[in-house]
Each structure stands twice: as structure tokens, then as C-alpha cells.
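Take a look at the structure below.
The values are calculated or read from the model by the stated rules, or taken from the named source; none is laboratory data. Since the structure is predicted, the reported quantities are computational estimates derived from the model, not experimental observations. Here the Cβ positions follow ideal geometry from the backbone for every residue, glycine too, while neighbour counts run over all protein chains shown. Side chains are part of the model used for accessible areas, which takes the heavy atoms of the whole protein and leaves out ligands, DNA and RNA. Shrake-Rupley method; radii C 1.70, N 1.55, O 1.52, S 1.80 Å.
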Amino acid sequence: MRECRLADLIRGAALLVALLSLGVTLWSGLAERGTALAFGVLVLVGELTRWTGEHVREAAPLGAAGALSYALLGENAGHTGHHSVFQVVAVVLGAALLGSVPHIARGRGPTLDHLARRVLTVFFAAVCFQPLYGEGAFRGWVGPAYALLLVALLVLTALCGAVLAAAPPHCRTRWPFGPLLREELRGLVGIGPAVCATGAVMALAVAVVGLWALPVLALPLLLAQLSLRRYAAVRDTYRQTIASLARATEVAGYTPAGHARRVAALSRAVGRELGLTEPELTVLEHAALMHDIGQLSLVDPVPAGATADLPAEEQRRIALLGGAVVRQSGVGTEVAVVVERQADPCPEQPLPARIVRAVNAYDEKARHAGPGGPLTALEELRLAPADDYALEVVEALARVLARESLPSPVTG
């Protein structure tokens, strides 16, 4: 899929800022080399301890906090700083690239979009602060007023980072920019406040006690990062357990191969189209993976695992059996509720259950409808009785299929 120009524009702007910063810094030399070295080491440690994984908003929170604190650093132990905006970007970029070498060697290095976002956010924060501070514009800001100023600048920088983070997936997937931006803004509620608060406190503490404040203030964020890595490992194990349970119906021959994965991928896409939050999308995806697990309790398998055309009472019985299996497996009550209610009349269903029901029916109908299966299946969903499928879900499904290259059903 061809990316839009917005991502190329962001990368180009980041490259221009990086080259200009490196060139100016090499030409003029480093001012206050000890301070630059200390913050460079802090960013380096943050990048060396970065981690990767699905749905990770900030892979190197310590590096991000160190970079932002250097961009907003006005004084060092009572002495006014003289580092420029370009030096801030050059030091942060050099440390980030050096810290990325081990990750690149293992094939898990940061992407160009991550580096571009880091360069541009640091440049934005430094441009908003350093020139005005150098001219004495903040000389009268003391105590709480100065702290609030730093917090306000960090909030603006976080908003800028959210816009830059939403642009690459918008270009790759052609999802509407608005929902992607809202999702990035929701993600700031997680580790974002910790990064911003640590960056502000570091800048304030170094201004009073000097560079000795950096290791003391970096330790809590580093410990929080290690805790998040353990949580991410537990979550990955949880997802693998769900995926294994979902494959049980395929291994036993009750459902066609790949059906659960297709329904899960398409359900998540439809849920994002309808504005579900990330936690809601996770529940929806898990329920979609396990929506057919109730068929394991049947003595006589349903032909081709197609439950959409079964009588309503039989569909409800299979759904209740599936919900009971999900509850016993310990996956979660929310997932079990969606699995249980996927066969209820449409007006009584929660939105995730409506999505699973419609997407499952689409996949089953498209699989048996021949070359024109997708269009035929969509038309059948649109013409079905009102109690069968929610119209807003069917239309969202149509928009997703028109825009996305998602897994398509195969003729069984």
C-alpha cells in the first residue's frame, strides 16, 4: 500500500532538523560539555533499556524524560546555561542512535518514525523554551509559576508527539486521522504523565542542586519501566493462551482454518472504525478469537462450522456453551459476556457482540458465495431482518473492506 505524503513530510522535516543540528553543533562546538555529557548518558541509558512490543506507546520512557529535561534546562546549580536548541537536538540524537546499536544488531531497533518523532518533539520543546529563556523572558517566573510553565510546555510537547505518532499509521492503513489521534491522546494517560513529570522535575532539580539530581530522579522511572516490561510479558502470555484456545476448534475440525483469526482481525478493524478504545478493542479481539469455542461441546459438528444460518435457539445454545468455556478458562468476564451475547437479538446486544455477530456472518457467507463472495455477503447482511445485524456495524464493515487489505475468506 502506498503511503501518503504526510509521513514522508515528517521524516523529511526530522532529517532536516537533525542534519542542521549536527552541522551547527560540529561547527560551533559543544557548550558546557559536562552537562551535555550527563544528559547524553541519561538518554543513552534510556535507549539501551528500551523494550519493544505490541501496543507500546513509549518504548524508552527514561530516554524521553531525559531528552525533554535537557530541552527545558535553564540553569545548572544556579548557573545560567548556554546550550542552544541545535545542541539539544544533536546530543539527544547522538545518544539515541548510539543506544539503538545493540537493538539494531538484534533486529529490534527503533523505526524511522520513532526517531523522527523523538527529534521533532525535542526540537519543539527546545524552540519553545531556550530562545525565550536566553532573552530573559522567564526571569520573573519563580517558584510554582516556573514549574507550571515547564509543565505547560511539556503538555504542548506531548500533544505534538501525539499528532506525529498518529500520522504514520494513518498513512500506512488509511484509517481516518481523527480516531487515530484520539487513541494516541488516550495513550498519554498511561506512562505519558510519568515521562512529563520526570522531565520537569529533572530540569528543576538540576537548576538547584546540579547534575547529581539526574541519577536520583532517573531511578524511579527506570524501575517503573522494568515493571511495565514484566506486565507486557504477562500480557503476551495471556494473548498466547487465548490464541491457543481459539485454535482448538480448528484443530478439532469444527471450524475452517483461519476463520477465528480473520474474524478477530476484521472485528478489531470495525471496532476501531466505530470509535472503541484500546481496552475495548482488546476485549473485542479476544471475544472474536473465541466466538466459536462453544462448538467443542457439540456432539454433531455444524457443517463447515457455519453458525450464522442456524436457528436462533441453536445459536444461543452454542453461544452460552462458549461463554461457559471462556469463564472456566479464566480469560475474563468481559470476554465471556461478549461470547455469550453474540446470538442475542441485535437491539439487546452490547456493541462488541454486535460486531462479532456481523463479522462472523460475513466471513461465513463470503466463504461460500464464490468469486463475488464479499459483495454478496455484505448485501445479505444489509437485507437481513433488523434484529439480525446492526446497520451501523454493517456499514462500518463495508467501509473497512473498501479501505483495508485484510484477510479475505477462502473457498472451503
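With the requirement that a residue be of a type in the set (A, V, I, L, M, F, W, C) and in a helix (DSSP H, G or I), what does segment 62-77 give you? Those that are of a type in the set (A, V, I, L, M, F, W, C) and in a helix (DSSP H, G or I): L62, A64, A65, A67, L68, A71. Here is the figure for segment 83-102: residues that are in a helix (DSSP H, G or I) and either of a type in the set (G, A, S) or open to solvent by less than 10 Å² (accessible area, probe 1.4 Å) (or both) total 10. Scan segment 29-50 for residues that are free of Cβ contacts under 8 Å to residues at least 40 places away in the same chain and assigned to a helix (DSSP H, G or I) and the total you get is 2.
Identify all residues within segment 192-211 that are under 21 Å from the mean Cα position of the chain (by Cα) and buried (at least 20 other Cβ atoms within 10 Å of the Cβ); write none if there are none. Residues satisfying the conditions are G192, V195, C196. When T157 is tested against the conditions (1) open to solvent by 30 Å² or more (accessible area, probe 1.4 Å); (2) touching a Cys at 6+ places or on another chain (Cβ under 8 Å); (3) of a type in the set (S, T, Y), the lone failure is (1).
One line per residue, one yes/no per condition, for (1) open to solvent by 60 Å² or more (accessible area, probe 1.4 Å); (2) modelled with pLDDT of 80 or more; (3) closer than 13 Å to N360 by Cβ:
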position: L245; (1), (2), (3): no, no, no
position: Y254; (1), (2), (3): no, no, no
position: V263; (1), (2), (3): no, yes, yes
position: R272; (1), (2), (3): no, yes, no
position: H286; (1), (2), (3): no, yes, no
position: V299; (1), (2), (3): yes, no, no
position: P303; (1), (2), (3): yes, no, no
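Restricting to segment 8-43, name every residue that is touching a Leu at 6+ places or on another chain (Cβ under 9 Å), at pLDDT below 90 and open to solvent by 30 Å² or more (accessible area, probe 1.4 Å). Residues satisfying the conditions are R11, L30, G34. Every residue in segment 152-203 that is in contact with an Asp or Glu (Cβ under 7 Å, 6 or more places away or on another chain) and not in a helix (DSSP H, G or I), please. Matches in segment 152-203: I191 only.
Taking segment 326-349 as the range and being open to solvent by 40 Å² or more (accessible area, probe 1.4 Å) and out of contact with any Leu (no Cβ under 7 Å at 6 or more places or on another chain) as the test, the residues that pass are R327, Q328, G330, T333, E334, V337, R341, P347, E348.
In the set L164, L132, L188, only one residue is touching a Phe, Trp or Tyr at 6+ places or on another chain (Cβ under 8 Å) and among the aliphatic types (A, V, I, L, M); that residue is L132.
If the condition is being over 23 Å from the mean Cα position of the chain (by Cα) and open to solvent by less than 20 Å² (accessible area, probe 1.4 Å), then segment 60-80 contributes S69, Y70, A71, L72, L73, G74. Between L228, L221, the distinction of being open to solvent by 50 Å² or more (accessible area, probe 1.4 Å), touching a residue at least 24 places away in the same chain (Cβ under 8 Å) and assigned to a helix (DSSP H, G or I) belongs to L228 only. Within the option set L320, L310, being open to solvent by 30 Å² or more (accessible area, probe 1.4 Å) and touching a residue at least 24 places away in the same chain (Cβ under 8 Å) holds for one residue only, L320.
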